[in-house]
Amino acid sequence: MKILVANLGSTSFKYRLFDMADERQLARGGIERIGASESPCFVETDGLESPSHVGRASQPVTKRHELQAKVPDHAEAVRRCLAQLTDPEYGCLKDPSEVAAIGFKAVHGGRVSGVQRVTDDVLNAMEEMNLVAPAHNPPYIAAMRQLRERLPEIPLVAAFETGFHQTIPEHNRYYAIPWSWVEEHQVRRWGFHGASHAYIARRAAELWQHEGRNPAGLRVVSCHLGGSSSLTAIRDGQSVATSMGMSPQTGLLQNNRVGDFDPFALTHVMERTGLELDEVLKQLSSQGGLLGLSGKSGDVRDLEEAATAGDVRSKMALEVFVANIRQYLGWMLVELGGADMLVFTGGIGENAVDIRAGVCANLGELGIELDYERNRATRTEGDISSAASKTRVWVIPTNEEIVVARHVQKLLQG
């Protein structure tokens, strides 16, 4: 079974193609500037990349093809993708019918969660959550509707980011709000980055077992740190607490999103500035986070460079980010009663060695100690904890797409 996993933006389409017989990645590609006069399209094939397993290295991609084409919408983007994948010169498929389904890493469907075939009911449920996932839901809904209409022969499956967090117990799920808001308006802590945290949960158990330990009851804190960031406490492969709440704007501060914020400050700012609510919310979700604190950039790499050059606000932004991660880490450790593994993943988690060091600093009494030389040298999968550390600290590159593909395969097989 071959499954195409799509990652959609308002004007972009990125994908990976997996052969689920051995979970091998057959191809990856993307199309940018959809709707423009010309759209750059690329595909890379013959890369025998598999999900990371102990002692089994990935093989490099060997073919890449690029072209410019007129791609007016996402349906045409999928057609162009299938044409490239079946090209006899550089493709990896004989016929488009080999694609059993397209899987989507959908974000928010409220009460509709888990893994779902894309239907009118699913799309309507996603629309109800547009205001709390404004950067994610609308482009997915528009593209899914196009694809259902114009490519009806290909099954579409949504694997919701909230699905992994359905196991969170009630004491970590609800806000202290009028109960009618919960029942009538679905206001609660939903959690996101589910595919990434699910991958970490499974991979951590594999690594634990590889060391000859029983993974039953394994306690993991997964730190997904990237353009958007979240922490999740995992026990025995299940989410029991997560930092993100009702929307992907909450929890940890992010590259340009505020994270947790006192809602009563909104009316204060509105009164003082004359701004409308939607304008204030737009600023919080596009000019906040690391960008807002530093006034320079939401990219940790830029801020580290600026801080090294003496920029005070960039240094402060990084310190606030680290402190914010540590606050949530403390909650997760208390919830789990300690952790067997602390995992860093995502673009920042996998590469920002100083952020990792800052998060773990002076936590020896909590059982967390880094080997600083190993930390500096590790940007792929590896154990970066010291020999004395009771909690094993790992860097594990995430693979959200293979999690979506596994979900789609399971649904199609009933």
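So the values come out like this:
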| quantity | calculated |
| --- | --- |
| Test: residue in the range 53-65 that is out of contact with any strand residue (DSSP E or B) (no Cβ under 6 Å at 6 or more places or on another chain) and either at pLDDT 95 or above or surrounded by 22 or more Cβ atoms within 10 Å (Cβ to Cβ) (or both) | no |
| For residue 207: the one exception among (1) over 30 Å from residue 260 (Cβ atoms); (2) in contact with a strand residue (DSSP E or B) (Cβ under 8 Å, 6 or more places away or on another chain); (3) part of a loop (DSSP other than H, G, I, E, B) | (3) |
| Flag for residue 240 being surrounded by fewer than 20 Cβ atoms within 10 Å (Cβ to Cβ) and within 20 Å of the chain's Cα centre (by Cα) | yes |
| Residue 229 being in contact (Cβ under 8 Å) with a residue 60 or more places away in the chain, under 25 Å from residue 288 (Cα atoms), surrounded by 15 or more Cβ atoms within 10 Å (Cβ to Cβ) and not assigned by TED's automatic domain parsing to the domain that holds residue 277 | no |
| Among the candidates 374, 356, residue that is assigned to a helix (DSSP H, G or I), free of Cβ contacts under 8 Å to residues at least 40 places away in the same chain, of a type outside the set (Phe, Trp, Tyr) and touching an Asp or Glu at 6+ places or on another chain (Cβ under 9 Å) | 374 |
| Pairs with Cβ under 8 Å, 6+ apart, first in the range 321-332 and over 9 Å from residue 359 (Cα atoms), second assigned to a helix (DSSP H, G or I) and of a type outside the set (Gly, Ala, Ser) | 321/290; 321/300; 321/355 |
| Set 122, 99, 107, 78: member being of a type in the set (Val, Ile, Thr) and modelled with pLDDT under 95 | 78 |
| Which listed residue is at negative phi, small (Gly, Ala, Ser) and out of contact with any strand residue (DSSP E or B) (no Cβ under 7 Å at 6 or more places or on another chain), from 339, 388 | 388 |
| Conditions (1) closer than 18 Å to residue 240 by Cβ; (2) surrounded by 17 or more Cβ atoms within 10 Å (Cβ to Cβ); (3) not polar (S, T, N, Q); number of the one not met by residue 350 | (1) |
| Hey, residue 71 outside any strand (DSSP E or B), modelled with pLDDT of 90 or more, over 23 Å from residue 163 (Cβ atoms) and not assigned by TED's automatic domain parsing to the domain that holds residue 250 or not | yes |
| Flag for residue 335 being surrounded by fewer than 15 Cβ atoms within 10 Å (Cβ to Cβ) and among the charged types (D, E, K, R) | no |
| Number of the condition not met by residue 206 [criteria: (1) buried (at least 18 other Cβ atoms within 10 Å of the Cβ); (2) closer than 18 Å to residue 402 by Cβ] | (1) |
| Failed criterion for residue 305 (all others in (1) farther than 23 Å from residue 349 by Cα; (2) modelled with pLDDT of 95 or more hold) | (1) |
| Helices (runs of 4 or more DSSP H) enclosed by the range 251-311 - at least 2 residues per element that are out of contact with any helix residue (DSSP H, G or I) (no Cβ under 6 Å at 6 or more places or on another chain) and not small (Gly, Ala, Ser) | 264-273, 277-286, 300-308 |
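Yes/no matrix, rows are residues, columns are (1) among the aromatic types (Phe, Trp, Tyr); (2) in the same structural domain as residue 229 (by TED's automatic domain parsing); (3) buried (at least 16 other Cβ atoms within 10 Å of the Cβ):
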{"position": "280", "(1), (2), (3)": "no, yes, yes"}
{"position": "289", "(1), (2), (3)": "no, yes, yes"}
{"position": "292", "(1), (2), (3)": "no, yes, yes"}
{"position": "308", "(1), (2), (3)": "no, yes, no"}
{"position": "313", "(1), (2), (3)": "no, yes, no"}
{"position": "321", "(1), (2), (3)": "yes, yes, yes"}
{"position": "325", "(1), (2), (3)": "no, yes, yes"}
{"position": "329", "(1), (2), (3)": "no, yes, yes"}
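The values are calculated or read from the model by the stated rules, or taken from the named source; none is laboratory data. On a predicted model such as this, the values are computed, not experimentally measured, just so you know. Quick reminder, even Gly has a Cβ in these numbers, built from the backbone with ideal geometry, and neighbours come from all protein chains shown.
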